[in-house]
Amino acid sequence: MTGSREALPDVDGPGLTLGDRAAIALTEYREGNHQALGGLVREATPLLWHTVRAQGVEPDAAEDVVQSTWVALVRHAESIAEPKAVLKWLLVTAKRAAWEAVRKHRDDEKRRTELPDDSPEHPMALPSKDPLPDAEVLRDERDRLLWMSLQKLPGRCQELLRLVSLADRPDYRYISAAIGMPMGSIGSTRGRCLAKLRTILDEQGDFSWT
Amino acid sequence: MDLTPEPNKDEGAMGDLSFDPKGRLDAEDGLLLTRLAHLVEAVDPVPSDLVERSLFAITLAGLEADLMEAVYLDTPLAGVRGAAAAARADDTAPAEAKTITFTHDSLTVMISLSPSAGGRVRIDGWAAPAAGLDVELHRPGADVVTAASDEDGRFAFDSVERGRASLVVRRTDGGGGAVSTPVIEL
């Protein structure tokens, strides 16, 4: 793994993103600093949690999926080919484990209820509905408007924007790739999702933002 | 957070026309995403102990034990509850026993958590198929405690301090490799 260090961003440089910090943490871990992952776990767990939840995994199972994703990182620390892409690796690993959890959960439920499976679609295409925000949770009228506007977007746009909002913006390429957006159209896809959201917000007419 | 959009200067009233789809994020996009991050966290907050459980799970990763999966079912009527839900319910209803099931390939381990003296927890476990098993209880900052199962696959830890814990199960004949439960809250 010597040499990979040079390909990493300058630690002292400005504008380190979560993806950069993840790469540095993995490299330091490989070099024997076993405390190096602590900060990354604290920082990236919310992103993994919401990635898993977006696949329709119930909260209890989602906790275990996130936990097992971190365990998988440690187990594969030496074999991850591109430390620079470790954030994407984490997101893809979490997402696949989430799909598996959804599939198993459905199988279990099916066995238990013995009902015919009348939804032949692939489970991946059927994430559960987003939890509805409690009015108590979103007291601010602007927050409610923003959340309702988000719900009007296509599902993939919602997922992309929610996850991008939790990372540093330059990391959108990892997040987009991890959730299956074609690499060539990432910039425009991100733009379309944000543009649609802003259009919907603008259509709220005379709503006061101040 | 101020979400005041900047007036659309020259481009006319339509915000979407002023937005270059391939362009960089502007300041308003940034504000919007920042606000969105707050909403995402407010609507579906990350469980408070998830980071600590993950950190402890990482320290156990060196044990080379395959992770078991907790079995979660929708209805609590089956007497099987999620580990996380069981842990949360424990705070408010300590008198009630909780049962959690873990599976890995052909091995299934059920544990029942019940209150013990001094605010501690008793763990009764049962593994199937029945075999001689060594069950290790791992807790952060504590020595590993081992219990041997009887021939029916039953084992117990009488009095365990509350908090994060993971069980590692090994066959006494050395076959099959070790498996571990996810880190749970006792």
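Quick one: is B:Ala131 crowded, with 21+ Cβ neighbours inside 10 Å, assigned by TED's automatic domain parsing to the domain that holds B:Gly177, modelled with pLDDT under 90 and not in a strand (DSSP E or B)?
So B:Ala131 does not fit the description; no.
What number of residues within segment A:128-143 are modelled with pLDDT under 85, in a helix (DSSP H, G or I) and either within 16 Å of B:Ala37 (Cβ to Cβ) or touching a Pro at 6+ places or on another chain (Cβ under 8 Å) (or both)? Reasoning before the result, please.
Keep residues of segment A:128-143 that are modelled with pLDDT under 85, which gives A:128-142.
Applying the additional criterion that residues be in a helix (DSSP H, G or I) yields A:141-142.
Filter again for either within 16 Å of B:Ala37 (Cβ to Cβ) or touching a Pro at 6+ places or on another chain (Cβ under 8 Å) (or both), leaving A:142.
Going through segment A:128-143 one residue at a time, the tally reaches 1.
Those residues that are at the interface with chain B (Cβ under 10 Å from one of its Cβ atoms) and free of Cβ contacts under 8 Å to residues at least 24 places away in the same chain, I need them from segment A:77-110; list them, please.
Within segment A:77-110, A:Glu100, A:Lys104, A:Asp108, A:Glu109 meet the criteria.
Starting from residues that are of a type in the set (D, E, K, R) and either out of contact with any Ser or Thr (no Cβ under 6 Å at 6 or more places or on another chain) or part of a helix (DSSP H, G or I) (or both), keep the ones in segment A:144-182 and report whichever is surrounded by the fewest Cβ atoms within 10 Å (Cβ to Cβ).
Filtering first and then ranking leaves A:Lys152.
Residues are listed down the side, and each one gets a yes or a no for (1) at pLDDT 95 or above; (2) in the same structural domain as A:Leu37 (by TED's automatic domain parsing); (3) assigned to a helix (DSSP H, G or I):
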site	(1), (2), (3)
A:Gly56	no, yes, no
A:Val65	yes, yes, yes
A:Thr69	yes, yes, yes
A:Ala81	no, yes, no
A:Leu90	yes, yes, yes
A:Ala101	no, yes, yes
A:Asp108	no, yes, yes
A:Asp118	no, yes, no
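Of all helices (runs of 4 or more DSSP H) completely enclosed by segment B:1-98, which ones contain at least 3 residues that are more than 9 Å from chain A (Cβ to nearest Cβ) and at pLDDT below 50?
In segment B:1-98, B:83-92 are the helices (runs of 4 or more DSSP H) which contain 3 or more residues that are more than 9 Å from chain A (Cβ to nearest Cβ) and at pLDDT below 50.
From the list B:Leu186, B:Leu137, which residue is in contact (Cβ under 8 Å) with a residue 24 or more places away in the chain and either among the β-branched types (Val, Ile, Thr) or touching a Phe, Trp or Tyr at 6+ places or on another chain (Cβ under 7 Å) (or both)?
B:Leu137
How about segment B:143-186: which of its residues are crowded, with 19+ Cβ neighbours inside 10 Å, within 14 Å of chain A (Cβ to nearest Cβ), of a type in the set (A, V, I, L, M) and not in a strand (DSSP E or B)?
The answer is B:Val183, and nothing else.
A:Gln67: over 13 Å from the mean Cα position of the chain (by Cα) and more than 14 Å from A:Thr93 (Cβ to Cβ), yes or no?
no
Test B:Ala165 against the criterion of being over 23 Å from B:Ala61 (Cβ atoms) and in contact (Cβ under 8 Å) with a residue 24 or more places away in the chain, and give yes or no.
Taking the combined requirement at face value, the residue does not satisfy it.
Determine which single condition A:Ala125 fails, assuming it passes every other condition in (1) surrounded by 15 or more Cβ atoms within 10 Å (Cβ to Cβ); (2) of a type in the set (A, V, I, L, M); (3) at pLDDT below 75.
A:Ala125 satisfies all of (1) surrounded by 15 or more Cβ atoms within 10 Å (Cβ to Cβ); (2) of a type in the set (A, V, I, L, M); (3) at pLDDT below 75 except (1).
The values are calculated or read from the model by the stated rules, or taken from the named source; none is laboratory data. What you see is a predicted model; the values in this text were computed from it and never measured. Every residue, glycine among them, receives a Cβ derived from its backbone with ideal geometry; neighbour counts consider all protein chains shown.
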